[in-house]
Structure formats: C-alpha cells, structure tokens
Amino acid sequence: MSPMRGFGASLCILALVLAFAESPARAQSYPSRTITLIIPFPPGGSTSIVGRVVADKMSQLLGQSIVVDNRGGAGGTIGTKAAAKSEPDGYTLLLGYTGTLAIGPSLYRNVGYDPRKDFAPIGMIGSAPSSLVVHPSFPPRSLAELIAYAKANPGKVNFGSAGIGTVGHITGEYFAREAGIRIVHIPYKGTGPAISDLLGGHIPMTFSPVAATAGNVKAGLLRALAVTSSRRNSLLPNVPTMSEAGIKDFEASLAYGLVAPAGTPRAVIDRLNEALRAALASDEVKNQLALDGTEITPGSPEAYADFIDRDERRWAELVKASGVEPE
C-alpha cells in the first residue's frame with residue numbers, strides 16, 4: 001500500500017471515530033438554542049392548549065425556550081408535513097395528534113408523509129374525548145332528540161369541525177352512519193374558529209375536544225349532549241357517553257404526543273423523552289391538563305411508536321366505516 005493510500009484510510013477511520021464521539025457530545029450539549037414546536041392547527045384548539053402547557057414546562061427543564069409555531073391548514077397535515085421534512089437535529093418538534101398521524105394518512109391519497117417512517121416518536125402525552133355540543137337555541141336537548149330531529153330534517157343539520165380529516169370530522173360522519181341520519185359537514189381552519197361560529201349561532205352543532213368546549217358548557221353558552229370516550233370525562237361528569245346516550249359501543253377519543261423528524265439522534269430523543277416525562281410528572285402540568293380533561297399517559301418512545309401504529313389502523317377502519325372517501 002502506498003503511503004498516500006494508507007494516509008487516506010487513516011483519515012476515513014479518524015472521521016468515523018470523530019462522528020461516533022460527536023454524537024454523545026452533541027447530546028450532552030443539547031439543547032444549545034431555541035426549539036420550535038409545530039402545532040399543526042391555529043391557536044384556540046385542544047392541540048394548542050395541551051402543546052403550550054407541555055412546551056412551557058419542558059422549556060424550564062431543558063433550560064432553553066420552546067417556541068410554539070401554530071401552522072394550520074388541510075386538517076393539520078400541512079404543519080405535519082413541514083415537520084416531517086425539517087432538519088432531524090432536535091430543534092424542530094411536532095405535537096403528534098390522532099387527526100394527523102392516524103386519520104390523515106387514510107383520508108388523503110397524497111398526504112405527504114408516513115406516520116411510521118417519517119417521524120421519530122418521543123413520547124405520548126395523553127388522551128381526551130371529543131364532545132358533541134350544540135347551540136342553546138338548537139331544539140334537541142339529548143342525543144335521542146338530535147337523532148329524531150335529523151331524521152325529520154335530512155340534510156338540513158350542519159355540524160362543524162376543525163377541518164376535513166380531523167377527529168371531529170370523522171367522528172361526526174361515523175356518528176351519522178351509526179345513527180342512520182344525514183348531516184352536513186362544515187369544515188373550519190381549526191377548533192377555535194368552529195367554536196366561534198357555534199357560539200355565534202352560525203352552525204347548530206360541532207364535535208370538538210372537551211378541553212375546548214367545557215368552559216362554554218359550564219357557562220351555559222353551549223349545551224353538551226355527549227362525550228365520545230368509553231367513560232365519562234371529569235370536565236363534564238354529568239354528560240353521558242355516546243354509548244350511554246344510545247349509540248352502542250361508540251368510542252372515538254383523540255391522543256397527543258411529541259415526535260421529531262426521522263433520523264433525529266437517539267440520544268436527543270432520549271433527552272426529550274426524559275424532559276417530557278418530568279414535565280408530565282409535575283404537579284403544575286398534571287393540574288393544568290386535568291383542567292383540560294386530558295388523561296396523562298407517559299411512556300417510552302417505543303411505546304408511543306406502537307400506539308401510533310395501532311391508532312392509525314383503528315382510525316383507518318373508522319374512516320372506512322364513516323363512508324368518507326379518500327381525497
């Protein structure tokens with residue numbers, strides 16, 4: 001072997017050694033600058049409520065600011081796609097959500113990302129039900145009365161949601177199918193705008209996260225007919241589940257978690273998971289999320305990856321059962 005060839009081989013070996021040595025060092029110094037958390041919906045919805053609570057506490061624990069970037073549109077898939085294509089360095093994170101990681105891939109033929117391949121799960125945050133709420137002027141006062149009213153007025157009852165392909169949209173279509181009624185979907189650019197129109201009486205009902213509706217229900221500005229979980233929610237303990245109200249075995253809760261772009265170093269993922277778990281264990285976050293009706297379910301990156309896989313398969317079945325055709 002020539003001296004130059006030997007020298008070149010040595011440089012390659014040195015580069016590999018430095019690369020492996022750099023990874024732990026990078027993790028130890030992480031984070032060294034501001035982190036961006038993409039929330040793929042406008043402010044005012046449950047994703048923003050949950051995301052901001054967790055981001056604020058993690059900022060304290062990590063010693064670096066976490067800036068929330070509300071990037072809504074297309075049922076949350078625009079912000080999710082942007083996060084998937086971001087640099088995998090731990091400085092761009094995504095608030096994972098049932099609507100984007102489990103429903104979007106089944107509803108859109110070209111969603112632009114794969115929930116299993118394009119993200120590195122960090123950890124789950126928790127889950128919460130949606131609520132079926134109506135404007136006080138809307139005649140039905142129970143789920144049974146709503147079904148009877150819709151049957152008497154086919155195609156004349158509108159329901160709003162945070163957008164096409166969101167949990168609220170698919171839940172509404174699924175409900176209509178199970179109840180044997182025909183209602184019209186009105187998509188908005190987020191939960192906040194949908195609830196604003198509901199409060200204004202522009203639409204009669206919506207399926208929206210309990211975190212975003214409970215305050216208005218308690219204030220008498222909205223009337224809750226049911227929650228979509230398998231058991232009652234602590235925020236609205238007097239409101240029946242869909243099953244109790246007459247739609248047997250109906251369950252459609254939503255889940256939140258944190259993910260990073262695929263390829264993010266494992267040491268960085270572990271650091272973020274550690275901070276997330278510590279945040280979720282704090283009394284401050286527990287109390288705030290309890291006020292928003294979120295049941296905290298922390299876990300490992302692997303556990304969240306398994307959940308994403310199961311959740312996507314389950315909601316793919318609900319999309320099919322709802323009768324909504326992929327776009």
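The values are calculated or read from the model by the stated rules, or taken from the named source; none is laboratory data. The structure displayed is predicted, hence computed values, not measured ones. Here the Cβ is made from the backbone with ideal geometry for all residues, glycine too, and neighbour counts use every protein chain on show. Keep in mind that these areas ignore ligands, DNA and RNA; they rest on the heavy atoms of the full protein, side chains included. Shrake-Rupley method; radii C 1.70, N 1.55, O 1.52, S 1.80 Å.
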Sorted from largest to smallest, which semi-axis lengths in Å does the alpha carbon gyration tensor of segment 42-131 give for its equivalent ellipsoid, taking the root of 5 times each eigenvalue? 22, 17, 12
What is the calculated FRET efficiency for L221 to D114, with r their C-beta to C-beta distance and R₀ = 41 Å, to the nearest 0.05? 0.50
Taking H placed 1.01 Å from N in the peptide plane, check which residues at least 5 places from I125 or on another chain put their amide H under 5 Å from its amide H. Y256, G257, L258
Dipole magnitude of the chain about its Cα centre, charges +1 at Lys/Arg Cβ and -1 at Asp/Glu Cβ only, in debye to the nearest 20? 360 debye
Give me, ordered by chain and number, the residues 5 or more places off Y108 or on other chains with an amide H under 5 Å from its own placed amide H. E327
Rank-order 50-59, 96-105 by packing density, defined as the average count of other C-beta atoms within 10 Å over each peptide's residues, highest first. 96-105, 50-59
In this structure, among K81/K320; K218/K286; K189/K320; K81/K286; K189/K248; K189/K218, pairs with alpha-carbon gaps over 28 Å are K81/K286; K189/K248
Charge dipole of the chain about the Cα centre (unit charges at C-beta), most positive-ward option of T34, G172, I186: I186
What number comes out for accessible area per residue over the chain if the probe is 1.4 Å? Units Å², please. 43 Å²
Distance between segment 147-176 and segment 253-327 - C-alpha centres, whole angstrom: 26 Å
Phi-derived 3J(HN,Hα) across segment 116-122 with the Karplus relation (6.51, -1.76, 1.60, θ = phi - 60°), rounded Hz, x for Gly and Pro, is 8, 9, 9, 9, 10, x, 9
Heavy atoms of the protein only, probe of 1.4 Å, neighbouring chains included. What is the accessible area of V324 in Å², nearest 10? 30 Å²
Hydropathy at least 0.0 by Kyte-Doolittle, axial extent at least 18 angstrom from the Cα trace: which helices of the chain, defined as entire DSSP H runs, fit? 3-29, 46-62, 266-281
Please give the length that would be gained between A281 and S196 if that part of the chain were fully extended, namely 0.36 nm times their separation in residues minus their C-alpha to C-alpha distance (nm, one decimal). 27.3 nm
Note down, for the chain, the three equivalent ellipsoid semi-axes (square root of 5 times each alpha carbon gyration tensor eigenvalue), biggest first, whole angstrom. 43, 21, 15
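Give me the percent of DSSP beta bridges within segment 89-236 that run antiparallel, rounded to the nearest 5.
Working: 9 of 15 bridges.
The answer is about 60 percent antiparallel.
Enumerate by residue number the chymotrypsin sites (Phe, Trp or Tyr not before Pro) in segment 100-172 meeting two conditions: DSSP loop (anything except H, G, I, E, B), and at most 12 other Cβ atoms within 10 Å of the site's Cβ.
Nothing satisfies the criteria.
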The chain - share of DSSP beta bridges that are antiparallel (%, nearest 5): 60 percent
Roughly how compact is segment 104-174, stated as its Cα Rg over 2.2 N^0.38 Å to two decimals? 1.52
Determine the share of the chain's accessible area contributed by carbon and sulfur atoms, expressed in whole percent, with a 1.4 angstrom probe. 53 percent
With r as the distance between the Cβ atoms of E317 and Q28 and R0 = 35 Å, compute the FRET efficiency 1/(1 + (r/R0)^6) and round to 0.05. 0.20
Projected label distance in nm at R177 and E145, using a 7 Å step from Cα toward the beta-carbon: 2.9 nm
Principal axis lengths of segment 135-211 from Cα atoms, whole Å, largest first? 30, 25, 21
I78 - accessible surface, heavy atoms, 1.4 Å probe, Å² rounded to 10: 90 Å²
